[in-house]
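What follows is a short report on a single structure.
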Amino acid sequence: MEWLDRLLASWLGAPGVGLWIFAAAAIGSLVVAAVILLDQRRRTARGARMAHALGRVRKLELTEWLTTAGARKGAAQIEVDYAVEGRPFTCTTFRLFRGNSVVGGEPFTTLPPGHEVLVFYDPREPGFSALVIDQPTYVAAVIAAALAVAFVGMAVFMAP
């Protein structure tokens, strides 16, 4: 990929181009961080008003693997049927904030079809549901913000 190396060298060597590249990357990273933070805030507000209903497990499939560090990780595919005021819904989300990621040995990972579980749902939008209300995670937003700071630093370094 020698052509790519030459292209990048010409861009970064041109006056002001490197500055704009890193400035655009910084702005993009800040936008990603803001979107993640807003989504976490929206989920936190919804989590505070969640009601619950009894649901029945229709399907639960767990895929597990070991990370390079030897930790057990997994992802759940889950379908739990529940009803709110007589209207049927299906919960497909394991955790409110972390989605369907599962750490080995957690509850709900061994439930057979037909088992009854509590489903937490938003009374304003009953189709928005999860089996577990966990804590918000800001790791992705912090990483995006750190990248923005790094890109700003690079842009300042590239400035004439």
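Every number here is computed from the coordinates shown, using simple stated rules; none is lab data. Values in this document were obtained by computation on a predicted structure and should not be read as measured data. Neighbour counts run over all protein chains shown; Cβ positions are idealised from the backbone, glycine included.
Put simply, when 61-69, 115-123 are sorted by average Cβ atoms within 10 angstrom per residue, most first, you get 115-123, 61-69. A quarter of the convex hull surface defined by the alpha-carbon atoms of the stretch 51-130 gives 5.2 nm² as the mean projection.
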